[in-house]
Amino acid sequence: MTDRTRIALLLAPALLLLGGLFLSGLGLTLLRSFRYFPALGLTEPDLGAYAAILTSPGFLRSLGLSLWIASASTVLAAILALVAALLLRQSFPGRALISFLVQLNLTIPHVVGAIGILYLLSQSGAFARLAHAAGLIAGPADFPVLVNDPFAIGIILLYVWKEVPFIALILLANLQTLGEDHESVARSLGATRWQAFRHVLLPMLAPGLAAASALVFAFAFGAYEVPLILGQHAPKALPVLAWQAWTDTDLATRPEAMAMSIVIAAIGLALLALVARAVRQGGE
Amino acid sequence: MMRPDPRRADRLRLLAGLALAGTLILPLVPLALWSVAQGWRFPHLLPQAWSGRAWAHALDPASGVLESLALTTLIALATTFIAALVGVPAGRALGLYRFRGKGIVTLLLLAPAVLPAIAVVFGLHGVFLRLGLTGTVAGVILAHLVPVLPYMTLVMAAVFARLDPELEAQARTLGATPFQTFRCVTLPAILPGLMTAGLFAFLVSWSQYLLTLAIGGGKVQTLPLLMFSFSSAGRNDITGAIALIYILPGLLVLILTARQVTGRGAALTQGLRP
Amino acid sequence: MLRSLSVLLLLSSAALADTADGEALKAMTWDQIEAEARGGTVNWFMWGGSDMINAYVSGYVADRLKAEYDITLNRVPITDAAEIVNLILSEKEAGITDAGSVDLIWINGENFRSMKQGGLAFCGHTDLLPNNALVDWDNPAIANDFGVPVDGCEVPWNTVQFAFAHDSAVVPAPPADMAALLDWIRANPGRFTYPAPPDFTGSAFLRHVFIHAAGGPDDLLGPFDPATFETVSARTWEILNEIEPFLWRGGQTYPTSITQLNELFANGEVDFSFNYDPAQFGLAVQAGSWPETTRSFGLASGTIGNTNYTLIPFNAPNKAAAMVVQNLLLSGEAQLEKAKTEVWGAAPAIEIARTSAEVQAGFAAIKGHPSVVPAAELAKAALPELQADWLIALEKGWAEKVGN
């Protein structure tokens, strides 16, 4: 057996299964988004659904909201994760327990975290009660609006809470493979701690940080259940809007739902390409 | 120049670490309290009355929570098993060989892992509907493979990339059959990686909400769906109890894998999902 | 493991379509249908958010079905019936006509209209149910579901009438009618809100304001009339935009669901909640979510009443067993059981006078929950439900003119 056949045989089941599921799913979504729906009498593909969503203020506001949620969550989570990783790299008493908790967070499903954040941060939630007990507020209305709010603070906090451990663990793994040598060399050559971090450590961590951040961005941009629990009645995050259009009892809105999910896919793929390029260039 | 007191630095780190850890478990606290509360209204800091009712409901066979726990476990196990069966060979091809088209294959594997479920789920539902797979456990398992299989394959590729192919060649020259070689040489070498990949694959399937809802059509009631239906009806006590049951297997998985992840886990963390 | 896996895959694939042919069933006698139903499984998709209702269905109903007919009842909890209508619609579009995934749905209103219009309902079988004789089909509120004639496509299960809840310790004297409620909102800034339509309950509140703006329901009955809608809705948006600054969070946002409003009420953030099914108030107090001092009331200007139903989809694979379930739900005994305060407190959809003496005595012995306004008192000022087209136009208009 030649290597080529062997490789083909090894890859075939995975590619067939995944290709079958993923490409057929994406392909049918694409067809439907062009309003090709023979069962409904739509046999002439057109761009009507895209035109409809791109001119709808509701869609554009939702797109903007989802981009804001994803960007803000990613930037905050990446910065805090960097700090957390640098902290957890040091040895200090109690570190084992803290790393265990960091990993515990990784296993908690988003939907559980979102409900927890809701009970914690709502205007009558646990923090509001503490503030009331401390005499800081007279009633729920005085407590800042942190969930179901116009700036999606609750949603962003949930992602930060959930993704800091995720990025931090990836960075920690990177740090372990890098070792401490490069920094020590820099320090021995007279660099300050900050300089050693800025010019030596950070560039080496950058590819891992970029890849992890891209995953977080894509997830925060496309997740459905988190904005469903923590979001506002309007505008809705894009995945929630798409789901609503898809489950509308009026079948005519189906192509629009499909077009929205294609927009989400396109943004995700563009991001993937961007990061793949950046990582490749960084590696060279 | 003054050197900072090392004990003071330790204390600061511990403090920062505690703040981090505290934040991480904070959202679980109200869930746990709600699960034993009967009425917990503003401004009470603690529930007005304690009650085991939510837990009694959750553990009552008639309520369907335990059944749902078994079903969620079964789906996650089956998904992981199929993913390993298919993903290990593919990971071997990607990790051990260089070949033309490897870039495309990697991209095809990476895309479903990166793209959110909402991007494919509508189309997948249409395809599954025609195949009679909607509303079935089999359909949900296949749908879960979309995010799980790429993960398994990519992690196994990293594991195989660190495997020394010479070992297998030596075993073969010493007269071992391909199966013996796999069982006695390859498998022991990849087993730690495979275990961790499998446990995390289990968790990815375990956490799915949207794919299960869309493909299962409500008929395949996994724990997140059940929890959501109580949460969206305002039964915070039962929601809390189900939430705690729901995070339990994750905790077990973590205890089983803690060492691998914090240890030499660079390759494994490549496959982590947010 | 491989073998058990393949067994699992086989087991989980589509159920056998044994009694999917509805026309054949309609030609049978009830005894024959019961015989066909034996050993069947019914997938009943219903809102799953109340542990009391769930316990009634999975306990009392399921136990009786198993014991008396060997039918397995599989309660499928859902959050939104519209998603299930959509699922059946997708099945029809994919050509699945006898192996659908749904055997029975708890439904009413616009979802029923969608199913009837889309040809998704199994119709014309209700006369076959022996307990159908207990239903007063001459009552227009039962024969019409949100103004859409039922036409033998669904079987009534409960009757409900919209009511408001308040904490008598906080608001001892609640407003008596809609005009008074609007005044109360202006006088008590931040203490009232309603869920954003298309939330089912928020949409019902919106219709009360709409009927108030029209000066009564008379002009709004019957099919959708664009001219009337134009004038009355303009007045409605004016009223709602005028009270908006006095709402919770200054009307900047609205609760996304009735659950969120219930939470706000439970925590004293607002002074009123409301529900289409006042029995829910009693359940919330029993669960400890709401204060014991919760009381409820209707409006002198009337509140909207409706009936909710069970429906068998056109492609249900187990129609015979689903019919037996419908018949059992309609029985005097089953209706009495769920009317009990400690079970659910739901008002019956049958004429109590037509039931056995025992069941009648049972109904007479029920002591209502103190937090639940008696159905008889609400019925003194009842408003009919508007047709689904009004409802859809209102929900759309609200999103554009008020909730933007």
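The values are calculated or read from the model by the stated rules, or taken from the named source; none is laboratory data. In this text, all values refer to a predicted model and were calculated from it rather than measured experimentally. No Cβ is skipped: glycine too gets one built from the backbone with ideal geometry, and neighbour counts run over all protein chains shown. The area values use the complete protein model at the heavy-atom level, side chains included, leaving out ligands, DNA and RNA. Shrake-Rupley method; radii C 1.70, N 1.55, O 1.52, S 1.80 Å.
Would you check which residues across the range A:230-242 are surrounded by fewer than 24 Cβ atoms within 10 Å (Cβ to Cβ) and in a helix (DSSP H, G or I) and list them?
Matches in the range A:230-242: A:Val240 only.
Looking at (1) open to solvent by less than 10 Å² (accessible area, probe 1.4 Å); (2) in contact with a Leu (Cβ under 7 Å, 6 or more places away or on another chain); (3) at the interface with chain B (Cβ under 10 Å from one of its Cβ atoms), can you tell me which one A:Phe217 breaks?
The single condition A:Phe217 does not satisfy is (1).
Please pick out the residue among A:Ala223, A:Ala259, A:Ala242 that is in contact with a Leu (Cβ under 9 Å, 6 or more places away or on another chain) and facing chain B (nearest Cβ under 8 Å).
After applying the criteria, what remains is A:Ala223.
Among the listed residues A:Ala12, A:Ala81, A:Ala52, A:Ala8, identify the single one that is touching a Pro at 6+ places or on another chain (Cβ under 9 Å) and without any contact (Cβ under 8 Å) to a residue 60 or more places away in the chain.
One residue alone meets the criteria, A:Ala12.
Does B:Leu149 meet the test of being assigned to a helix (DSSP H, G or I) and in contact (Cβ under 8 Å) with a residue 24 or more places away in the chain?
Yes, satisfied.
Could you list, ordered by first residue, the pairs with Cβ atoms under 6 Å in which the first is in the range B:26-41 and within 11 Å of chain A (Cβ to nearest Cβ) and in contact (Cβ under 8 Å) with a residue 60 or more places away in the chain and the second is outside any strand (DSSP E or B) and of a type in the set (Val, Ile, Thr), at least 6 apart or interchain?
none
Before we move on, is B:Ala214 at pLDDT below 90 and not aromatic (Phe, Trp, Tyr)?
no
Inside the range B:153-262, counting only helices (runs of 4 or more DSSP H) that do not spill past its ends, which hold 3 or more residues that are farther than 30 Å from C:Leu261 by Cα? Outline the logic, then answer.
Details: elements: B:165-173, B:178-181, B:187-207, B:210-216, B:223-231, B:236-262.
So the answer is B:165-173, B:178-181, B:187-207, B:236-262.
To keep it simple, each residue is scored yes or no on (1) surrounded by fewer than 15 Cβ atoms within 10 Å (Cβ to Cβ); (2) touching a Pro at 6+ places or on another chain (Cβ under 8 Å); (3) of a type in the set (Lys, Arg); (4) not in a helix (DSSP H, G or I).
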residue	(1), (2), (3), (4)
B:Leu12	yes, no, no, no
B:Leu18	yes, no, no, no
B:Leu31	no, no, no, no
B:Trp34	no, yes, no, no
B:Leu46	yes, no, no, yes
B:His57	no, no, no, no
B:Glu67	yes, yes, no, no
B:Leu71	no, no, no, no
B:Leu77	no, no, no, no
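When you scan the range A:156-177, how many residues do you find that are β-branched (Val, Ile, Thr) and under 12 Å from A:Leu82 (Cβ atoms)?
Qualifying residue count for the region: 3.
Of all the helices (runs of 4 or more DSSP H) wholly in the range A:110-206, which have at least 2 residues that are among the β-branched types (Val, Ile, Thr) and open to solvent by 10 Å² or more (accessible area, probe 1.4 Å)?
Helices (runs of 4 or more DSSP H) meeting the threshold: A:153-178.
Go through (1) within 19 Å of the chain's Cα centre (by Cα); (2) modelled with pLDDT under 95; (3) closer than 21 Å to C:Gly109 by Cβ one by one and return the number of the condition C:Ile350 breaks.
Going through the list (1) within 19 Å of the chain's Cα centre (by Cα); (2) modelled with pLDDT under 95; (3) closer than 21 Å to C:Gly109 by Cβ, C:Ile350 breaks only (2).
Answer yes or no as to whether B:Gly87 is at the interface with chain A (Cβ under 9 Å from one of its Cβ atoms) and more than 26 Å from A:Ala257 (Cβ to Cβ).
Yes; evaluated as a whole, the condition is true for this residue.
Which of the residues belonging to the range C:149-173 are open to solvent by 20 Å² or more (accessible area, probe 1.4 Å) and under 21 Å from C:Cys123 (Cβ atoms)?
Correct list: C:Pro149, C:Asp151.
Return the total of residues in the range C:35-59 being assigned to a helix (DSSP H, G or I) and either hydrophobic (A, V, I, L, M, F, W, C) or under 20 Å from the mean Cα position of the chain (by Cα) (or both).
10
Looking at C:Arg191, is it assigned to a helix (DSSP H, G or I) and in the same structural domain as C:Gly288 (by TED's automatic domain parsing)?
Here the answer is no, as C:Arg191 does not meet what is asked.
Determine the pairs where a residue that is within 17 Å of C:Cys153 (Cα to Cα) and modelled with pLDDT of 90 or more, located within the range C:16-37, has a partner that is of a type in the set (A, V, I, L, M, F, W, C) and in a helix (DSSP H, G or I) with Cβ atoms under 8 Å apart, the partner being 6 or more residues away or on another chain.
C:Leu25/C:Ile33; C:Leu25/C:Leu128; C:Leu25/C:Ala320; C:Leu25/C:Met323; C:Lys26/C:Leu128
Inspect the range C:229-242 for any residue being buried (at least 21 other Cβ atoms within 10 Å of the Cβ) and assigned to a loop (DSSP other than H, G, I, E, B) and give the result as yes or no.
No, the range C:229-242 has no match at all.
Considering only the range C:85-124, how many residues are part of a helix (DSSP H, G or I), within 13 Å of chain B (Cβ to nearest Cβ) and not hydrophobic (A, V, I, L, M, F, W, C)?
In the first step, residues of the range C:85-124 are kept if they are part of a helix (DSSP H, G or I); the result is C:85-93, C:110-117.
Subsequent filtering for residues that are within 13 Å of chain B (Cβ to nearest Cβ) retains C:85-93.
From what's left, not hydrophobic (A, V, I, L, M, F, W, C): C:86, C:90-93.
Here the count works out to 5.
Here's the yes/no breakdown for (1) in contact (Cβ under 8 Å) with a residue 60 or more places away in the chain; (2) open to solvent by 10 Å² or more (accessible area, probe 1.4 Å):
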position: B:Gly132; (1), (2): no, yes
position: B:Leu145; (1), (2): yes, no
position: B:Ala157; (1), (2): yes, yes
position: B:Glu166; (1), (2): no, yes
position: B:Ala169; (1), (2): no, yes
position: B:Gln180; (1), (2): no, yes
position: B:Gly198; (1), (2): yes, yes
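Let me spell it out: the conditions are (1) modelled with pLDDT of 90 or more; (2) under 30 Å from A:Pro140 (Cα atoms), and A:Phe22 meets all of them except one. Which number is the exception?
(2)
Would you confirm whether or not the range C:218-228 contains a residue that is within 14 Å of chain A (Cβ to nearest Cβ) and either among the small types (Gly, Ala, Ser) or part of a loop (DSSP other than H, G, I, E, B) (or both)? Explain how you work it out, then say what you get.
Here is the first cut: in the range C:218-228, the ones within 14 Å of chain A (Cβ to nearest Cβ) are none.
For the range C:218-228, residues within 14 Å of chain A (Cβ to nearest Cβ) and either among the small types (Gly, Ala, Ser) or part of a loop (DSSP other than H, G, I, E, B) (or both): absent.
Take the residues in the range C:258-297 that are more than 18 Å from the chain's Cα centre (by Cα) and under 16 Å from C:Pro374 (Cβ atoms); name whichever of them is nearest to the other protein chains (Cβ to nearest Cβ).
C:Val285
Here's the yes/no breakdown for (1) under 28 Å from B:Pro47 (Cα atoms); (2) more than 7 Å from every other protein chain (Cβ to nearest Cβ); (3) of a type in the set (Asp, Glu); (4) without any contact (Cβ under 8 Å) to a residue 60 or more places away in the chain:
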residue	(1), (2), (3), (4)
A:Ala114	yes, yes, no, no
A:Leu146	yes, yes, no, yes
A:Ala206	no, yes, no, no
A:Ser213	no, yes, no, no
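Of everything in the range A:1-56 that's open to solvent by less than 30 Å² (accessible area, probe 1.4 Å) and among the polar types (S, T, N, Q), which residue is farthest from the other protein chains (Cβ to nearest Cβ)?
Restricting to residues being open to solvent by less than 30 Å² (accessible area, probe 1.4 Å) and among the polar types (S, T, N, Q), the top hit is A:Ser33.
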